[in-house]
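Written below as structure tokens is the structure these notes are about.
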Amino acid sequence: MAIPDGTTFKTEVDDLLHETRVFQVPSLFHNLANIKNDSLYAKAKTDRVAFWEECAKKLHWTTPWKQALIWEKPFAKWFVGGKINASYNCLDRHIKANLGNKTALIWEGENGEERTFSYAESYLEVNKLANAIKSLGIKKGDRVAIYMPMVPEAVFAMLACARIGAIHTVVFGGFSAEALRDRINDAQAKLLITADGGFRRGNIVPLKNIADTALEQTPGIQDVIVVQRSKAEVAMKRGRDHWYHDVVRNVKPYCEPEAMDSEDVLFILYTSGTTGKPKGIVHSTGGYLTGVYNTTHWVFDLKPNDIFWCTADVGWVTGHSYAVYGPMSNAATQILYEGAPDFPERDRFWRIIEKYKVTILYTAPTAIRAFMKWGDQWPKGCNLGSLRLLGSVGEPINPEAWMWYYENIGGQKCPIVDTWWQTETGAIMITTLPGVTPMKPGSAGKPLPGIDAEILNEEGQIIPAGGGFLSLTSPWPSMLRGIWGDPQRYKETYWGRWQGKNYFAGDGTKRDKDGYFWFLGRVDDIMLVAGHNISTSEVESALVDNPMVAEAAVVGVKDDIKGQAIAAFVILKEGHKLNAKTEEILKEHVSQKIGALARPSRIIFTADVPKTRSGKIMRRLLRDIAEGRVLGDITTLADAGIVAALKEKYQEA
Ligand code: WT7
């Protein structure tokens, strides 16, 4: 959604604002909350940097920092000179505090298997794997790619890398061989950690086979560690491939954690950019950990007895920050579930909550909308009484889904935290404090203590009320440190819009009279499909990669469940006739190139796509066409006739 110039424009949110109900914090929750009042905001306002220093001190540092912040816009350094290890903060520290017997992970496989690991057991696993990785020659600063199902070993692999100072780059298990290959090569990873397969809706996802295809074109990879999960037959290349259970067998049970510089890279995580090439978002060690540790405590109100469940895959930033580093640095007990929410039945989530007495659930609007569609009977059949707090992330949650979540899952007694943040921000930026801030369904709330956010217009001026572009206006500890290998792209993407003055988040946002932020969707060419970032150009390149396709234009269109679905306008090359299979072949082609998450939900074959005179695809117009809206001003079109033809085509398709 592009934001028109000026400070006032009308959106669906305006209609919403009129009828917004405000939900007060339940008094029982307030009374017991970690954060009960506004004092954190006040403290952060007085001295923002000192506030973050106090937050950082809650972690274990082996050497204190000399300087809290060096801000050479757009590059920030936090806690400069400090030494810290993320794995130590997620494991050793808790064992030293007598929490070794506390359950860290409760894993449930899709077929119902259960494995639990205490902090002491997790510690042992991580130490052994760290030694095994080291013995393969991996050193501090080397990159390790992780391509795994949701199994405990995925978490151990991340922490083992962190322990020795290797930089992990987790690639979501739903990505294709090509997507994996490109990420491995961009990061120049030396080691890949994967599995023989994972279970999803009763099927085995053949991760190792997919990885083998990728590895044909990854000259840097020297070794592969393979977790045996599915027991599916896989090829093991002699000298390169090693079973996980073999490499951890004869290694020492202790590995000294590497003293990392606060600014040393903890991980790289790829996210879609507005060009076809994904961006390797770089995160630091000290600042990142400060962000996720503290936000977990504030926003999820985490207490020692909680059973915390963030349903995100470790392949996304939510999995990094709130299924690994945030909760584990807080010594949380967490659920890790391998499979699909509708396997074997549509009540799988509710059964897990009932079985393990989950107290905090953090999931995505797309899942909530699917649950809504499946019907109330599924959650009603389970006892969800253990829940005390709910969270939402990934895209704006529509008030209808919010209400359903509040009533049917939370039993009207659980606050909901609608958390706005990004891969780039590392940690939650804008949300309500569950024990303090009243909730407005559809609004994420306000910037957290220590976070400065403003809404800016095209010229970069602050808009006190009304709509514009979201910007984070002061550096924060968990902010990205750049794009791997491409500082120029970092500057252009995030700092280009206002001549280097302010961070451009890419979200259209509106602030109401109470200072609450309402998110309106992306203003760039990034789609949010089931909460996942996919760029239009990424899908376009995948389409034109097929020999039949001359040109493609992709847009995100409204979808009741996924938030956005992918619609593609395709021009076939001359000589290629459209037949009954063409659409399916092209959809499959995109799945193969990127992964099933990028599969277009529909393809419209056309003779031309609307472009401006300078040759830019008019996506807004295509979106209007695809969503069946009235056409706006089309005088800038090279051939205005095209649009009418397209619209007709779409409607008959
Ligand atoms: C984009 C970032 C944050 C982890 C998962 C996604 C959208 C995310 C919300 C929310 C409205 C949201 C934004 C943002 N987004 N959470 N609560 N309300 N929009 O991380 O893949 O980096 O995507 O997701 O558009 O920019 P990501």
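Results, tabulated for the structure shown:
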read-out: Evaluated at q = 0.09, 0.10, 0.11, 0.12 Å⁻¹: base-10 log I(q)/I(0), Debye formula over Cα of segment 526-652; value: -0.23, -0.29, -0.35, -0.42
read-out: For segment 494-505, 3J(HN,Hα) per residue [Karplus equation, 6.51 cos²θ - 1.76 cosθ + 1.60, θ = phi - 60°, Hz, x = Gly/Pro]; value: 9, 10, x, 5, 10, 6, x, 7, 9, 6, 9, 7
read-out: Diffusion constant of segment 228-362 at 37 °C, which comes from Stokes-Einstein with the Kirkwood Cα-pair radius and 0.692 mPa s, µm²/s; value: 182 µm²/s
read-out: Residue exposure sequence - Lys96, Lys303 - by fewest surrounding Cβ within 10 Å; value: Lys96, Lys303
read-out: Cβ-based exposure ranking for Met618, Met158, Met260, in which fewest neighbours within 10 Å come first; value: Met618, Met260, Met158
read-out: Overall form of the chain per C-alpha gyration tensor (a/c, 1.5; a/b vs b/c); value: rounded
read-out: Under 5 Å, built H, 5+ apart or other chain: amide partners of Asn330; value: none
read-out: Peptide ranges 30-38, 123-131, 518-526, 484-492 listed from the most packed, as the mean C-beta count within 10 angstrom indicates; value: 123-131, 518-526, 484-492, 30-38
read-out: Inter-centroid distance (Cα atoms) of segment 408-431 relative to segment 29-103, Å; value: 20 Å
read-out: Extension reserve of the Val80-Lys231 stretch, reckoned as 0.36 nm per residue once the Cα distance is removed; value: 49.7 nm
read-out: Antiparallel %, DSSP beta bridges [both residues in the chain], to 5; value: 65 percent
read-out: Order of Ile106, Ile566 under a 10 Å beta carbon neighbour criterion, fewest first; value: Ile106, Ile566
read-out: Mean projected area in nm² (Cα convex hull; one quarter of hull surface) for segment 346-456; value: 7.4 nm²
read-out: Vicinal HN-Hα couplings computed from phi for segment 65-71 (Karplus, 6.51 cos²θ - 1.76 cosθ + 1.60; Hz; Gly/Pro x); value: 6, 9, 9, 5, 8, 10, 10
read-out: Whole-Å distance, taken between Cα centres, linking segment 224-260 and segment 275-344; value: 24 Å
read-out: Cleavage-rule hits, trypsin sites (Lys or Arg not before Pro), segment 208-250, DSSP coil, Cβ neighbours within 10 Å at most 15; value: Lys231, Lys237, Arg238, Arg240, Arg249
read-out: Inverse of mean 1/r across different Cα pairs in segment 192-276, Kirkwood, Å; value: 15.6 Å
read-out: Rounded, prolate or oblate (a/c below 1.5 giving rounded, otherwise prolate when a/b exceeds b/c) for segment 335-395 by Cα gyration tensor; value: rounded
read-out: Shape category assigned to segment 36-93 from the gyration tensor of Cα positions, a/c cut at 1.5; value: oblate
read-out: Among Leu390, Trp402, Val554 the positive-end extreme of the charge dipole of the chain (Cβ point charges); value: Leu390
read-out: Segment 590-612 versus segment 439-464: alpha-carbon centroid distance in Å; value: 34 Å
read-out: Per-residue HN-Hα couplings for segment 101-115 [Karplus 6.51, -1.76, 1.60; θ = phi - 60°; Hz; x = Gly/Pro]; value: 7, 5, 5, 8, 10, 10, 9, 10, x, 4, 7, x, 4, 9, 9
read-out: 5 angstrom amide H check on Val523, placed H, neighbours 5+ away; value: Asp507, Gly508
read-out: Antiparallel content of DSSP bridges confined to segment 321-477, in %, to 5; value: 50 percent
read-out: Two-site FRET efficiency, Ile204 against Gln461, from Cβ-Cβ distance with R₀ of 56 Å, rounded to 0.05; value: 0.55
read-out: Beta bridges by DSSP in segment 526-652, antiparallel share as percent, to the nearest 5; value: 80 percent
read-out: Over the chain: helical MRE at 222 nm, DSSP H runs n ≥ 4 each giving -39500 (n - 2.57), nearest 500; value: -8000 deg cm²/dmol
read-out: Cα-based convex hull, segment 177-235, per residue volume (Å³, whole number); value: 75 Å³
read-out: Amide H within-cut-off set for His168, under 5 Å, with H built and near neighbours excluded; value: Val144, Ile268
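The numbers here are math on the coordinates, done by the rules we state, and not lab data. All figures in this text were calculated on a predicted structure; none of them were measured in a lab. Note: ideal-geometry Cβ built from the backbone for every residue, glycine included; neighbour counts use all protein chains shown.
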